[in-house]
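Here's the structure, in structure tokens; my notes come after.
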2 protein chains.
Amino acid sequence: MPMTIKRATWNNGPDLAFDINNKANAAIEKYGREAVINAALGTLLDDKGKIIALPSVYDRLDEMDRSHIASYAPIEGEKDYRKIVIDTLFGPYKPEGYISAIATPGGTGAIRSAIFSYLDEGDPLICHDYYWAPYRKICEEFGRNFKTFEFFTDDFAFNIDVYKEAIDEGIRDSDRIASLINSPGNNPTGYSLSDEEWDEVITFLKEKAEDKDKKITLIVDVAYLEFAGDGDQQRKFFEKFSNLPRNLFVVVAFSMSKSHTAYGLRSGAAVGISSSKEIIEEFEASLAHSARCNWSNGTHAAQNILIELERAENKKIYEQELVDLRNMLKSRADVFVTAAKENKLTMIPYFGGFFTFIPTDKAFDIVKDLEKENIFTIPSAKGIRVAICGVGEEKIPKLVQRLAFYTNKK
Amino acid sequence: MPMTIKRATWNNGPDLAFDINNKANAAIEKYGREAVINAALGTLLDDKGKIIALPSVYDRLDEMDRSHIASYAPIEGEKDYRKIVIDTLFGPYKPEGYISAIATPGGTGAIRSAIFSYLDEGDPLICHDYYWAPYRKICEEFGRNFKTFEFFTDDFAFNIDVYKEAIDEGIRDSDRIASLINSPGNNPTGYSLSDEEWDEVITFLKEKAEDKDKKITLIVDVAYLEFAGDGDQQRKFFEKFSNLPRNLFVVVAFSMSKSHTAYGLRSGAAVGISSSKEIIEEFEASLAHSARCNWSNGTHAAQNILIELERAENKKIYEQELVDLRNMLKSRADVFVTAAKENKLTMIPYFGGFFTFIPTDKAFDIVKDLEKENIFTIPSAKGIRVAICGVGEEKIPKLVQRLAFYTNKK
């Protein structure tokens, strides 16, 4: 008989990605870094296998007055942090409407609070069937109904017809639904919805919102935004969230983890967009309440780093470092895509982000075979996630060759 | 019609302590630090009004390899962090049984997860009626039933009889209950349960646990542990959590915020104690699931600071700094208690922690009067919380004199 309540009793074992990453680190310890390919964890490593910590970001921490690290941040986040999050997130494509940001621990906290505050127990969260596992776990934690639709057509384009069917079905059975889309640079696939695909999504959701008894929330996870384009073009879709119907609410999950190589500092924000001032005030009160009740307030140093980075002299350096990171990642992806073609390895079209994806129903077997060769990747029912963010360019041809060997053999 | 679900719709306005602290800061901006007494927020300030950031703690951050700041911590926390938390928390008074620590953002995350995993909806959390407001808020967030009992007898001793009645009543109506006690150095009162009072609590709970259909969880918030004694004597009660019955589970909420002047780094842990290995494994799985679903993982730098502080050469410096802090706080408290006697100001006996407390049913009026004199404190239905942690010793006589003036007048 467990002491924990039924809903909080789990036999999941350790988190898969972190667990495989531990195995990879043990292999590195044993065989040396050169002998191991660790494509498990979503962290940017340089070509020597060392985690990248952008100097522009961590120089700010070094020079920060200790009182700005030690002190509490406000519950909802520093005022300037909240403003800068909105400005830098949307860039020139800020949607028209009322917008507010509430600080959260990474993107996780933002997604958690959007699901907690905008879906009731049993209400459906509609998500693509290639997805970051914590989305499902969050729904399980809070008794929300996690439902997936087929992300892709046979030729790996966004399956808008199936998406519409899933939303239709959800909204038929429930007065509240949420749609969660992780784009651009989707984890685990590397896919980005095109602006035309976003148009279809938003037009459809607006249509559904004509029934004023329905409450629809669109949650957009943009964790990989800075690594899925040139820094500008991939933001255009934000503009489409302008002038929403009152009963269509958008929450964008912002995270400093990837864009600022600040994974361990746990800083992000939930950014709400609505045509109604009242709906935004309600968002602020609800998310601040959740903040107070779950983590109290955010990592103050991280918020202050973002504020300091906004100074012109710092911003210029950060932006150049970001361009370099993007180019490094793009270069790895290019080598991967070329090698995949050469090795006849089917992959989902890569548009950006930290991962490429090999669709296969034998992923768990293949990943085990690869582990014997000290190659570490993440398996799922749909295929293999390959964290190219963590693999130096010169190791990628071998990585692809071995992936192709096992995948085409099975 | 709100977009948020009913349970997540709040009209609370801003958090009281942070809001009054904002007012205090505005007054300092306007009138200068000398003219203002800010006894609102639970943060240690030196006698000049500057937040204290212990050199031993922040020197570790300065010298830390950036990769140890930037990288993710494991979901449940660094292995060494989890071990050191247990060792330093209990010191020589480690209870017998299975013990495990799961990293959380501050003490808040630990209390949140204990309440979430060990109480079902509607189950009672029994708490003293002087309490840190987020306890109640957490219960409201998750639909748990927050119930209070009279903390004190008329002569301000722990009201064990009323405590027993409250537990009895809770356990009569529900198969699960939790008891939350914030001691030593209770926030807001400064009260600490004596070892004899703890004996009575634990003997009683063990007695209740003889009914094997009941599941009882004792949550102990020890945020102010390091400021309520000599560093040792106030830990003795931990030993009493040895050899618990299987259906009596203890969670101790550890926090680095106060003990390490690391409020803004958001690092703590939930420490579970049980006589059953199975119950502890279930605790680990449950709290790790909640971590993944709410904040993902903890602030890595903070965990690494605690690990580095364990080295003998660092530990010695930290421990001396902590002694100095304790003495500073004790000295302020002594001045407060003496002045209270002189001014015939009734206060709850102070045993430690960041706060003294003036019982009165006119707290909101008095606090407003004090604000006009640029003295900032926190009112509640039960009285006035005075954050002596934030007030230099030389300002305390005036603070007490003005508190007495308004309290004795009303």
message: Is there a quick way to get the dipole size of the range A:74-134? I mean about its Cα centre, with the Cβ of Lys and Arg at +1 and of Asp and Glu at -1; what is the value in debye to the nearest 20?
response: 260 debye
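Given axes a ≥ b ≥ c from the Cα gyration tensor, I'd like to know whether the range A:125-181 is rounded (a/c under 1.5), prolate (a/b larger than b/c) or oblate. Walk me through the numbers before you get to the answer.
Details: a/c = 3.24, a/b = 1.30, b/c = 2.50.
Oblate, because a/c is 1.5 or more while a/b does not exceed b/c.
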statement: Rounded to a whole number, the mean other protein chain Cβ count within 10 angstrom for residues of B:15-27 is 2
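Any idea of the accessible area per residue across the range A:95-232, 1.4 Å probe, to the nearest Å²? Please list the in-between numbers first.
Values: 4340 Å² over 138 residues.
Ligands and nucleic acids excluded, the figure is 31 Å² per residue.
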query: So which trypsin sites (Lys or Arg not before Pro) in the range B:215-300 end up in coil per DSSP with only 15 or fewer other C-beta atoms within 10 Å?
result: B:246
task: Run the numbers on the range B:73-311 and let me know its relative contact order in percent, using alpha-carbon pairs under 8 Å that are six or more apart.
output: 32 percent
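Largest first and in whole Å, what are the equivalent-ellipsoid semi-axes of the range A:229-353 based on the Cα gyration tensor, each being the root of 5 times an eigenvalue? Kindly include the intermediate steps, with their values, before the conclusion.
Details: eigenvalues 214, 94, 48 Å².
Semi-axis lengths for the range A:229-353 are 33, 22, 16 Å.
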query: Can you pull the accessible area of residue B:9 for me, 1.4 Å probe, Å² to the nearest 10?
result: 50 Å²
Cα-based Rg and Dmax for the range A:73-196, where Dmax is the largest Cα-Cα distance (Å): 15.9, 48
Using a 7 Å Cα-to-Cβ projection, residue B:14 label spacings across copies, nm, ascending: 4.4
- request: For the range A:73-311, build the charge dipole from Cβ charges (+1 Lys, Arg; -1 Asp, Glu) around the Cα centre, then report which of A:227, A:198, A:101 sits farthest towards its positive end.
  value: A:101
- prompt: Considering the zone a paramagnetic label at residue B:11 would reach in this model (a point 7 Å from Cα along the Cα-to-Cβ line), which residues of the range A:282-313 have amide N under 13 Å from it?
  reply: A:282
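Whole number in Å², please: accessible area per residue of the range A:282-372, 1.4 Å probe, ligands, DNA and RNA not counted.
Details: 3660 Å² over 91 residues.
Averaged over the residues of the range A:282-372, the accessible area is 40 Å².
For the range B:1-70, what is the Kirkwood estimate of the hydrodynamic radius, computed as the reciprocal of the mean inverse distance between distinct Cα atoms, to one decimal in Å?
Working: mean 1/r = 0.0626 Å⁻¹.
It is 16.0 Å.
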- prompt: Given +1 on the Cβ of Lys and Arg, -1 on the Cβ of Asp and Glu, and no further charges, what dipole in debye does the protein assembly as shown carry about its Cα centre, rounded to the nearest 20?
  reply: 300 debye
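Let me know the shape class of the range A:1-139, please: from the alpha-carbon gyration tensor, a ≥ b ≥ c as square roots of the eigenvalues, rounded when a/c is under 1.5, otherwise prolate if a/b is greater than b/c, or oblate.
Working: a/c = 1.74, a/b = 1.08, b/c = 1.61.
Oblate.
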task: For the range B:273-345, state the semi-axes of the equivalent ellipsoid (square roots of 5 times the eigenvalues of the alpha-carbon gyration tensor), sorted largest first and rounded to whole angstrom.
output: 39, 22, 14
- line: On protein heavy atoms with a 1.4 Å probe, the accessible surface that disappears when B meets A, both sides summed and given to 100 Å², is 6700 Å²
- request: Please work out how much accessible surface residue A:19 shows to a 1.4 Å probe, ignoring ligands, DNA and RNA, in Å² rounded to 10.
  value: 50 Å²
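In deg cm²/dmol and to the nearest 500, what is the mean residue ellipticity at 222 nm of chain A if only DSSP H runs of at least 4 residues count, each as -39500 (n - 2.57), divided by the residue total? Please list the in-between numbers first.
On the way: 14 runs with 180 residues, N = 410.
Calculated from helices alone, the mean residue ellipticity at 222 nm is -14000 deg cm²/dmol.
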query: Taking a probe of 1.4 angstrom, what is the accessible area of residue A:373 in Å², to the nearest 10?
result: 50 Å²
Buried on assembly, the range B:87-110 (at least 40 Å² less accessible surface than by itself, 1.4 Å probe): B:108
- prompt: If you project the alpha carbons of chain B onto their three principal axes, what span does each projection cover, largest first, in Å?
  reply: 57, 54, 53
- request: Report the far tail of the P(r) of the range B:282-397, meaning the percent of Cα-Cα pairs longer than 22 Å.
  value: 56 percent
- request: Stick to the Cα atoms of the protein assembly as shown, pair each with every other, and give me the Kirkwood hydrodynamic radius in Å at one decimal.
  value: 27.7 Å
task: Compute the label-point distances linking residue A:243 to its equivalents in the other copies; points lie 7 Å from Cα along Cα→Cβ; give nm, one decimal, shortest first.
output: 7.6
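Tally the DSSP beta bridges in the range A:73-311 and give the antiparallel ones as a percent, rounded to 5.
Working: 14 of 35 bridges.
Percentage antiparallel, nearest 5: 40.
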field: Sparse-neighbourhood loop sites, trypsin sites (Lys or Arg not before Pro) in the range A:311-398 - DSSP loop, at most 11 other Cβ within 10 angstrom
entry: A:311, A:344
query: Semi-axes of the equivalent ellipsoid of the range A:234-281: what are they in whole Å, largest first, if each equals the square root of 5 times a C-alpha gyration tensor eigenvalue?
result: 26, 14, 6
- line: Distance in Å, no decimals, from the C-alpha centre of the range B:48-71 to the one of the range A:299-353 is 28 Å
- line: Relative contact order as a percentage, the range B:135-277, C-alpha pairs under 8 Å and 6+ apart, gives 19 percent
- request: Round to a whole angstrom and tell me the spacing of the C-alpha centers of the range A:180-220 and the range B:83-125.
  value: 40 Å
message: Suppose a student asked you for the relative contact order of chain A, using Cα pairs under 8 Å spaced at least 6 residues apart; what percent would you report?
response: 26 percent
query: Could you give, in nm with one decimal, how far residue A:361 is from each other copy of that position, shortest first, with labels 7 Å out from Cα toward Cβ?
result: 7.3
- request: State the dimensionless ratio Rg/Rh of the range A:73-311 (Rg: radius of gyration of Cα atoms; Rh: Kirkwood radius).
  value: 0.93
task: Would you tell me the mean number of C-beta atoms belonging to other protein chains that fall within 10 Å of each C-beta in B:69-82, as a whole number?
output: 5
field: Dipole magnitude of the range B:112-194 about its Cα centre (Cβ charges: Lys, Arg +1; Asp, Glu -1), debye to nearest 20
entry: 380 debye
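For residue A:349, what charge total do you get from the other residues with a beta carbon under 14 Å from its beta carbon, if Lys and Arg give +1 and Asp and Glu give -1?
Working: positive: A:341; negative: A:154, A:155, A:197, A:334.
The answer is -3.
The values are calculated or read from the model by the stated rules, or taken from the named source; none is laboratory data. Since the structure is predicted, the reported quantities are computational estimates derived from the model, not experimental observations. Using ideal geometry, Cβ is built from the backbone for each residue, glycine included, and neighbour counts are taken over all protein chains shown. Heads up: the accessible areas ignore ligands, DNA and RNA and are worked out on the full protein's heavy atoms, side chains in. Shrake-Rupley method; radii C 1.70, N 1.55, O 1.52, S 1.80 Å.
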